[in-house]
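Scroll down for the structure; my scribbles are underneath it.
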Amino acid sequence: MTQYELANSITEQVYIEYDKLKPTGKPRDKSNGIKECTVLAAIVAIDKHHANNTFDIITITTGVKATPDSDLARSSGKMLHDCHAEILAIRGFNAILLDEMIHLKKGDTSKYLMSSGDKFRWNDKWSLALFISRLPCGDASMDSIDSSTDEDKLINMSDDDPYQYILPDHKETLRGRFNFKKKGYVRTKPGRQDSKITLSKSCSDKICIRQVISINNAFTYNMMKEPIYLDYMIIPNVDSKSRSSLKRCFEDRIKDCPYPVHTFQILSSDKPFQDDIVKGKEPSPLSVIKVFYRSNNSTLEQVVLNGVKNGSYTKGKKPLRKNCEPILSRYALWKKYLQLISQNTLVYDKITTYEKFKRDFNRDRNEMIISVKKMLVKGEDWISTYKDDFGLD
């Protein structure tokens, strides 16, 4: 199977799985006649030892929203900061890894992992691809926005206009699509001009960092003998201009990194996404998460609104409802990790909070993150999101 055939085959199967999602989480036709749209993503494991490159879809996700930074003060790990599809897909992959690790600890087998002492190894028969239905938000898509006719979403301004910056003295971090003609910059998630500010960085920036630190999160990185990296990114209809943008974003910006960079191949398919973001449509406020558990051949699907399970959101500063956390929230993944290491008292007894765990048990990962972020903002300080910490309860 050629790479072109592989990309089309994966794209087609992702769309088949999308069609199976419950309609309650998908874009809808609103009562005013406006159609909604979204972004679709998936993590796919490809059997590189099979002649026809058979593959498994590990997780499929949708979404275009991010939680305003001011809303995270009441989160305690239970709100998803970033509900963009590609970020949710990577989180879903880590949820599956934790599940596979737990089953291996119980003596079961795993398709994707192998035990290696008290840690785990990725089964290298599998390559990994991130499918995204369009170019990632942020730097990778700024050239396509530059040529867009959707002028109401474009904000061009002079470089000395402070309105484009999250902080006036941080000139390397731009808010959303402000000053869209500037390329190679870190950007926050895009949003309306009148929306609350989210400090969550663009998918372009987050995926760029993942080429160095891996697609493992703090929990699974800590449990892997060697970290796991993407091999492919699959996007429909990638033209020459888009390839140039992707190269700038994922190669040129990071070429001087002091750590090894694991670049991925860009594969293009020719099958457009039916609910893609186009002029005249309105982004759906909902996200969908679906994970495929190979350990017991089951799936779990959830709809997310405002960072919590649909139907669980409370307005203002009211406490969040009990059991509001999505399966990919920090809190939910934290509980899975604690289940995994519960017998390892040398680690378990030293953990008191999530932030302390990240700081004390991921030192080499933290050093890489700091270094790459510093490089992307050209030596400036990285503007962080709210510290969403919580304890063992």
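Throughout, read-outs are computed from the coordinates displayed, never taken from laboratory work. As the structure is a prediction and not an experimental result, all values here were calculated from the model. All Cβ positions, even for glycine, are placed from backbone atoms using ideal geometry, and neighbour counts span all protein chains on display.
For segment 62-175, relative contact order (Cα pairs under 8 Å, six or more residues apart, normalised by length) works out to 13 percent. A full extension of the chain between Lys281 and Asp108 corresponds to an added length of 57.6 nm, given 0.36 nm per residue minus the alpha carbon distance.
Only the Cβ atoms of Lys and Arg (+1) and of Asp and Glu (-1) were treated as charged; on that basis the dipole of the chain about its Cα centre amounts to roughly 960 debye. Pull out a ≥ b ≥ c, the square roots of the eigenvalues of the alpha-carbon gyration tensor of segment 199-243, then state rounded if a/c is under 1.5, prolate if not and a/b is larger than b/c, and oblate in the remaining case. It is oblate, given that a/c is not under 1.5 and a/b is not larger than b/c. Normalised by residue count, segment 278-334 yields a Cα convex hull volume of 131 Å³ per residue. For segment 159-311, dividing the convex hull volume of the Cα atoms by the residue count gives 195 Å³ per residue.
The residue list His49, Ile90, Ile341 was ranked by how far each Cα lies along the charge dipole of the chain toward its positive end, using unit charges on Cβ atoms, and Ile341 comes out on top. Taking only the Cα atoms of the chain, the radius of gyration and Dmax are 20.2, 61 Å.
What ranking, highest mean first, results for peptides 22-32, 306-316 when packing means the other Cβ atoms within 10 Å averaged over each residue?
The most tightly packed comes first, giving 306-316, 22-32.
Of the trypsin sites (Lys or Arg not before Pro) found in segment 205-260, those that fall in a DSSP loop while having at most 11 other beta-carbon atoms within 10 Å are Lys255.
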